[in-house]
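Structure first, then comments.
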Amino acid sequence: EEQQGGKGDNGAGGKEAPGGKGKPLIDLLGRWYKHNLESVKKEKAIIHEVFQPDAEKIVDKLIHRLFQQNVQAYLAAILHASGKDKAMEGLRASSSAADGGRQVESFLRNVASAFQKTRELAAGLQTIGCGGIDVAGQVNELFSEHLETYPQIEFDLLEVAFLSQKVKYKGEDLCYDIIDAYFLSAKEAISRCMLLCTEQ
């Protein structure tokens with residue numbers, strides 16, 4: 001697909017994933033979606049000129065195909081099926097709790113950001129009059145695998161974040177640095193929860 005359009009943000013949490021890989025991928029996803037939205041807008045106008053009185057049915061099929069083929073393929077590229085497994089393996093197997101936590105945190109940031117971008121695509125389709133199918137339902141269906149298992153992964157990540165701070169400041173009393181670091185982790189987790197859990 002043609003890649004065009006401006007840069008996006010990294011979604012919930014607003015931070016770039018460790019290693020610098022997350023944000024470029026999410027920006028690319030945003031450009032893919034912008035290009036597809038413009039294409040649908042043009043095709044919709046042509047369909048209404050040529051295929052009356054069945055134009056809306058054809059548009060609905062176009063949108064359904066967009067989600068089931070294009071969007072699904074884009075998300076598979078961004079959130080590879082093994083991404084979650086690798087992240088969780090890293091959380092369990094890493095000799096450093098902090099290192100394992102960073103892998104999971106990077107994965108969750110990508111899930112939340114991709115979900116937010118895909119919702120924005122759905123909203124854009126509704127804005128241009130493509131409301132014949134449940135686009136919000138299409139989004140939730142595409143993310144169902146991640147939404148079903150998400151809460152427990154977030155809880156595990158928060159536990160690791162707290163344990164890593166305890167190890168870092170071993171032998172010291174509860175201090176500002178521990179509280180501040182854990183507060184920032186919890187704040188980002190809450191942001192993701194508000195985005196992902198309310199859609200189930």
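The values are calculated or read from the model by the stated rules, or taken from the named source; none is laboratory data. For clarity, every value in this text was computed on a predicted model and none was experimentally measured. Just the protein is used for accessible areas: all its heavy atoms, side chains included, with ligands, DNA and RNA removed. Shrake-Rupley method; radii C 1.70, N 1.55, O 1.52, S 1.80 Å.
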Residue by residue through region 64-73, the couplings from Karplus 6.51 cos²θ - 1.76 cosθ + 1.60 with θ = phi - 60°, in Hz, x for Gly and Pro, are 4, 5, 4, 6, 6, 10, 4, 4, 4, 5
Report ³J(HN,Hα) in whole Hz for each residue of region 26-42, in order, from the Karplus equation J = 6.51 cos²θ - 1.76 cosθ + 1.60 where θ = phi - 60°; Gly and Pro get x.
-> 5, 4, 5, 4, x, 5, 4, 5, 4, 4, 5, 5, 5, 5, 4, 4, 5
Listed pairs 117/166; 44/117; 34/57; 166/187; 23/61; 23/168 exceeding 26 Å between Cα atoms | 117/166; 23/61; 23/168
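What accessible area per residue comes out for region 96-159, rounded to a whole number of Å², with a 1.4 Å probe? Could you put the intermediate results ahead of the total?
Values: 2560 Å² over 64 residues.
Averaged over the residues of region 96-159, the accessible area is 40 Å².
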